[in-house]
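Q: Okay, here's the structure, questions in a sec.
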Amino acid sequence: MPALWPHIPADHPFGADHLPYGIFSTAGDPRRRAGVRIGDQVLDLHALATARGSEFARPWAGPDLNAFLALPASAWDRARTWLQALLTDPADEAGVAGHLIPLPDVEMHLAVRAGDYVDFYASAHHASNVGKIFRPDSQPLTPNWKHLPIGYHGRSSTLVVSGTPVRRPQGQRKTPQEPAPTFGPSRTLDIEAELAFVVGGSTAVGQPVPIEAAEQHLFGVALLNDWSARDIQAWEYVPLGPFGGKSFASSMAAWITPMAALGSARVPLAEQDPEPLAYLRGNSNLHTGLDIEVQIDLNDTLIARAPYRQMYWSPAQMLTQMTVTGAAVRPGDVFASGTISGPGAGQQGSLLELSWNGQTPIELADRAMRSFLQDGDEVTLRATAPGPHGSPIALAEVAGVITPAG
């Protein structure tokens, strides 16, 4: 990519090779509208597109990105090409610079209005660890796990933007040692380091998305922390699966990294054995993962580095499975990968695994010990991926602080 006239370093993780989208407002203009991050500034897309008479003025008007996501993938490509040209040609500096706002001067909002939110379980390492913890006398993976991406339908209304405080949930809990359930605040509140995939375009009910078309609906990715109340979850999930223990908050980064920015991060999936059924196979180009490493900080202590490239199922396979029975997709829908975990020590994306359900607590920098989250704890997820010219791309962070149960 040529040098930027906004005068940021060529290897800046939020350079013109990245250009993540978000929704912002300012104290002087409280309207929520679309922007892209460039360096440590935000480009007001609605103002720029209006001034230039661009086709994207209306889709970028806000209050979310859904109108832009409703456009075909070819329009996303045109918008990205147009923006990169404006930000790399010094001749455009005078006309564009006036629409740049320093990052500290904006307030970020949830970028999409998700009609549906689905959470998958796509890491074989995570699923195996959970199986060993909760079903020590059974096979770690259930018989269906390697035949299809497993997921559940979450509650889209509890998707919240990074920085939103997370209140400790209350519910029924029962340990194996207790004779009956009790009601109260979760005692084993956990994190789940995940990627959220933002969907664009739309389909009708009864019209599955074939795997060959899945990429046309994958707009971008964002870091997501799917907070989990393990004790509430353990008591309620048999026989129908996750419910209240996973539906109180899922924190999502404010900036969405376009899939187009991650071309250099694509990596082959590990071998899938047994071979998936034909509708999940497609051609080999569809069997790609992403070389994204997620860093997990708890109260400023690095506790794990979770490698997304170790995931078993691809984003395209997850989207196809999500619609195979005829479920429709709508602009702004979100599906998440499930907890990202690798095979090595310190590569697990949840405290459940890192502390092995409390058997081996984690020591923080201040020598405090943690098996699960306490009130006042702050968790921050950060991630990096290879960029197209040898420099890294940084996904926007997602952070949240635990507040006491209400």
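Q: About the Cα centre, and with charges only on the beta carbon of Lys, Arg (+1) and Asp, Glu (-1), how big is the dipole of the chain? Nearest 20 debye, please.
A: About 820 debye.
Q: Sticking with this one: Any aspartates and glutamates with Cα under 12 Å of the K246 Cα? List them, leaving off those in the same chain fewer than 8 positions away.
A: Correct list for K246: D119, D190, E192, D226, D231, E236.
Q: Considering Cα pairs under 8 angstrom that are at least six residues apart, work out the relative contact order of the chain and quote it in whole percent.
A: 21 percent
Q: Can you list which of the trypsin sites (Lys or Arg not before Pro) found in region 1-72 are DSSP loop residues with at most 11 other C-beta atoms within 10 Å?
A: R31
Q: Show which aspartates and glutamates lie in cross-link reach of K146 when reach means a straight Cα distance below 15 angstrom and same-chain residues fewer than eight apart are skipped.
A: E271, D273, E275
Q: Still on this structure, I have one more. What residues qualify as long-range amide H neighbours of G171, i.e. H under 5 Å apart, gap of 5 or more or another chain, H built at 1.01 Å from N?
A: Here the answer is G184, S186, since their amide H atoms fall under 5 Å of that of G171.
Q: Antiparallel versus total DSSP beta bridges in region 117-403: what percent is that, nearest 5?
A: Here the antiparallel bridges make up roughly 85 percent for region 117-403.
Q: Quick one: which residues, 5 or more positions from I191 or on another chain, have an amide H under 5 Å from its amide H? H modelled 1.01 Å from N in the peptide plane, none for Pro or chain starts.
A: Under 5 Å from the amide H of I191: S228, L351, L352.
Q: Ok, one more. What are the trypsin sites (Lys or Arg not before Pro) within region 335-383 that DSSP puts in a loop, where the Cβ has at most 16 other Cβ atoms within 10 Å?
A: Those that pass, being in a loop and sparsely packed, are R367.
Where a number appears in this text, it was derived from the coordinates with a stated rule and is not lab data. Predicted, not measured: the structure shown is a model, and the values here were computed from it. A quick note on method: Cβ atoms are made from the backbone with ideal geometry, for glycine too, and the neighbour counts reach across all protein chains shown.
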